[in-house]
1. Taking all pairs of different Cα atoms in segment 167-238, averaging 1/r and flipping that mean, what Kirkwood radius in angstroms comes out?
2. State the Kirkwood hydrodynamic radius of segment 38-121 in Å, one decimal place, computed from all pairs of distinct Cα atoms.
3. Of all the Cα-Cα pairs you can form in segment 106-238, what percent are over 18 Å apart?
4. What is the dipole size for the chain, taken about its Cα centre, with +1 at each Lys and Arg Cβ and -1 at each Asp and Glu Cβ, in debye to the nearest 20?
5. Give me the percent of accessible area attributable to carbon and sulfur for the chain, probe 1.4 angstrom.
6. Between segment 38-106 and segment 170-209, what is the separation of their alpha carbon centroids in Å?
7. Ignoring everything except DSSP H segments at least 4 long, calculate the 222 nm mean residue ellipticity for the chain; use -39,500 (n - 2.57) per segment, divide by total residues, nearest 500.
8. Grab the Cα-Cα distance for Ser153 and Lys115, subtract it from 0.36 nm times how many residues apart they are, and report the gain in nm with one decimal.
Amino acid sequence: MADLNKKGELMAATILVVEDEPAIQELISYNLQLAGHRVICAETGEQAFTLIKSELPDLVLLDWMLPGASGIDVARKLRANDRTKQVPIIMLTARTDERDKLLGLETGADDYITKPFSPRELVARIKAVLRRRAPQMTDDIVAMGDLRLDPVSRRVTGSGKAIDLGPTEFRLLHFLMTHPGRVHTRAQFLDQIWGDHVFVEERTVDVHIRRLRKALEDSGLEHMIQTVRGAGYRMSAD
Ligand code: CA
């Protein structure tokens, strides 16, 4: 789950690196950890799926040339599965012609990086993809109506007044504000806020939504968290 790194600047993501060359795998994982991310590594697609069974990563960095199933096969399989279809994918390719070929293929990857790449480029591309695909993972200030949330200082204000939130309500609000207007089921909230494969009952979500609404009452913004009957919850400025 999202967390602050040592410097308190970036939201850390759990990144699955699928790369069979040990030197490259090590270089990538060293630099991603330096950037504040958590890294899990696999050498083959098969290994990657085994890891994913116990933990859903926030992003997959996937090499094109792998022993066994190719990176393209792995990307397609990730996209075809309900549990993994939303996970952002960045493909690594060895040559620009592989990259060109990839661009023409329907793999579902979010971005492509050609080897050799600089660690700085890699970290920047990951941040860009996370910002686009999983905005709750980044450190951007988010605003909706009169509500403002700063992930770095962990401060929330409503109509200019400070709002005190517990850590779960904070993550819940950050997730809602970065997905305005979208309806999320209780199961989706559990995956996103509590983490995949954590056993928490669905009504726990209702408890925290209630606390969040209560905290927004002072600034008169509790109406922004809306119940969608039979579906879940949504956040909207109207
Ligand atoms: Ca390879």
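1. 12.2
2. Result for segment 38-121 stands at 13.1 Å.
3. 58
4. Once rounded to the nearest 20, the dipole reads 620 debye.
5. So the carbon and sulfur contribution to the accessible surface is 50 percent.
6. For segment 38-106 versus segment 170-209, the Cα centre distance is 26 Å.
7. -11000 deg cm²/dmol
8. 10.1 nm
The values are calculated or read from the model by the stated rules, or taken from the named source; none is laboratory data. What you are looking at is a predicted structure, and each value in this text was computed from that prediction instead of being measured. Quick reminder, even Gly has a Cβ in these numbers, built from the backbone with ideal geometry, and neighbours come from all protein chains shown. Calculation scope for accessible area: heavy atoms of the full protein, side chains included, ligands and nucleic acids excluded. Shrake-Rupley method; radii C 1.70, N 1.55, O 1.52, S 1.80 Å.
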